[in-house]
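Visitor: Can you keep this structure in mind? I'll have questions shortly.
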Amino acid sequence: MLGQYLPIVTLFVLGVVFAVGGLAASKILAPNRSTPIKLAPYECGVSGEETTTPARFPVRFFLVAMIFIVFDIEVIFLYPWAMVFRELGTFGLVAIGIFSFAVFESFIYLIGNGALEWGPIKKVSQQPAQMQVNRTSTSTIRRVGDRGREVVNVVPHGPDAKPEIAEVA
């Protein structure tokens, strides 16, 4: 009965022997020449001795990473569909078509907005009607409409002060 577990126990023992043997061999055979540079902490290309802050990644870098993830997820959905597309029939074809169209449409939108362009950022041309000198935040807000909105004026005359509600003209 225990004989059937003999190969598993043998593999476990061999694994432990190889692990301990490898550690012992590297300790005995490896040169031990420590220097201050080797002992300094180092993480992801940033040494601990830098006095300046490392440059930040541009936002476009993260946008491309998110686009990659979206298309990676699409491939993850396409693989199981390809395995069982005959069983799914027309429903599966329509569902994957809608899904692929949505992903492709978002990709076209991103290309149109320049999300994958790494060159200089394009300046958006302003139309002359939007660049009026007499246009202020007050005049713009009035154009949106204030009908039905109320302005609350609080008069600080003591602990019993109540807000006065006035209609906007």
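Visitor: With labels modelled as points extended 7 Å from the Cα through the Cβ direction, what inter-label distance (nm, one decimal) is found for F107 paired with A55?
Guide: 3.0 nm
Visitor: So how far apart, in nm, are the two label points at I76 and V16 if each is 7 Å from Cα heading toward Cβ?
Guide: 3.8 nm
Visitor: Just to be sure I understand the model, the point goes 7 Å from the Cα along the line to the Cβ. What's the resulting L39 to S100 distance in nm?
Guide: According to this spin-label approximation, the distance is 6.1 nm.
Visitor: Something else about it: Fewest to most neighbouring Cβ within 10 Å: what's the order for R60, R33?
Guide: R33, R60
Here, each number is a calculation from the coordinates, and none is a lab measurement. What you are looking at is a predicted structure, and each value in this text was computed from that prediction instead of being measured. All Cβ positions, even for glycine, are placed from backbone atoms using ideal geometry, and neighbour counts span all protein chains on display.
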